[in-house]
Amino acid sequence: MSYLSKIIALIRIGVRLSKFFVTSYISTILNSVFWGVVVFGSALVFAKEPLQIVYFYLPGLLVFGMASGGVWAATDYFRFYYHQGLTDMFLECGVGIFEYSIMTFLVDGLLISSLTFIFMLFIASLYANVSMIEVLPKFYTPLLIGVASSIPVFIFSCCIVGLLLATTPIEMAWINMLQFVFLLGTIIPPQILGTFSFFLPWTIPSELMRAAYGTNMIPIPELYVIDLITVIIMIIISIVIAKICDKQVRKKGISIRRG
């Protein structure tokens, strides 16, 4: 089986598994939308130019959703499936944390974050009292590249959290707090964070999403080049981390996550 065929097969399995978690996905989307309303609602209401808030801050929401989705995919793999005794079975079938992230990104990451983003745009259009067309992206090339570049963000986040869960006794409360780190560089743009934002792997995909609205700080030509480099680095690091996670699982099994 070619590697591409394997990826397609993994995604198909992931989509089938997702049918067992429909209610969980609905609650996740609603929760994300509610938090979005709390975070952005007051800014939209009191802003002199509400549309600038939409164009400047909301685009990174999709990338943040992908990063957050990677966190929960890893916790499923190292908590829920561990306690069900399925993680070892996954490994026997050649599905480590890296393959699992590929298997789940379509629904757990892309679908949920896209729906949350669309719902937030709809709510923003109501707040700003404009048509939905006014809050939609204006430039579709950086939008499509940004969406594609968000997939490695999901995989990278999944593997990073997987490493923490596989090699440390870290509690879930700290994993929840880790999601706030993902706000940096996604919803909070480089204009605010400055040079520090360029050390965050999810900054560039978020900048591409902002470029779809014309609010990017990094010029488009440079942005495409940096994005390609960032994506390659994230994938390489994810593969290395995934091998460490899988080795740890094979070595210690379910004993590494007793909590």
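Bear in mind these aren't lab numbers, they're just calculated from the coordinates by the rules spelled out. Only a predicted model underlies this, so the values are computations on that prediction, with no experimental measurement involved. Every residue, glycine among them, receives a Cβ derived from its backbone with ideal geometry; neighbour counts consider all protein chains shown.
Test residue 167 against the stated conditions and say whether it is of a type in the set (Ser, Thr, Tyr), over 25 Å from residue 236 (Cα atoms) and surrounded by 12 or more Cβ atoms within 10 Å (Cβ to Cβ). First the steps, then the outcome.
On the way: of a type in the set (Ser, Thr, Tyr): yes; over 25 Å from residue 236 (Cα atoms): no; surrounded by 12 or more Cβ atoms within 10 Å (Cβ to Cβ): yes.
When the stated conditions are applied, residue 167 does not pass them.
Can you name the helices (runs of 4 or more DSSP H) wholly within the stretch 134-217 that have at least 2 residues being of a type in the set (Val, Ile, Thr)?
140-167, 172-181, 203-211
Return yes when residue 90 is free of Cβ contacts under 8 Å to residues at least 40 places away in the same chain, crowded, with 18+ Cβ neighbours inside 10 Å and in a helix (DSSP H, G or I) and no when it is not.
Criteria met by residue 90.
Is it the case that residue 47 is of a type in the set (A, V, I, L, M) and more than 21 Å from residue 182 (Cα to Cα)?
Yes; evaluated as a whole, the condition is true for this residue.
Residues of the stretch 188-227 being within 29 Å of residue 165 (Cβ to Cβ), buried (at least 19 other Cβ atoms within 10 Å of the Cβ), of a type outside the set (Asp, Glu) and in contact (Cβ under 8 Å) with a residue 60 or more places away in the chain, which ones?
Scanning the stretch 188-227 gives 202, 205, 206, 209.
Would you please name the residue that is nearest to residue 158 (Cα to Cα), looking only at residues in the stretch 66-100 that are within 11 Å of the chain's Cα centre (by Cα) and among the small types (Gly, Ala, Ser)?
70
Any idea which of (1) in contact with a Phe, Trp or Tyr (Cβ under 9 Å, 6 or more places away or on another chain); (2) under 20 Å from residue 99 (Cα atoms); (3) polar (S, T, N, Q) is the one residue 248 doesn't satisfy?
(1)
Which residues, counting only those in the stretch 94-118, are over 14 Å from residue 11 (Cβ atoms) and either polar (S, T, N, Q) or part of a helix (DSSP H, G or I) (or both)? Outline the logic, then answer.
Kept after step one, since they are over 14 Å from residue 11 (Cβ atoms), are these residues of the stretch 94-118: 94, 96-97, 112-118.
Correct list: 97, 112, 113, 114, 115, 116, 117, 118.
On the given criteria, is residue 161 under 23 Å from residue 95 (Cβ atoms) and in contact with an Asp or Glu (Cβ under 8 Å, 6 or more places away or on another chain)? Write out each step before concluding.
Details: under 23 Å from residue 95 (Cβ atoms): yes; in contact with an Asp or Glu (Cβ under 8 Å, 6 or more places away or on another chain): no.
For residue 161, the condition - under 23 Å from residue 95 (Cβ atoms) and in contact with an Asp or Glu (Cβ under 8 Å, 6 or more places away or on another chain) - is not met.
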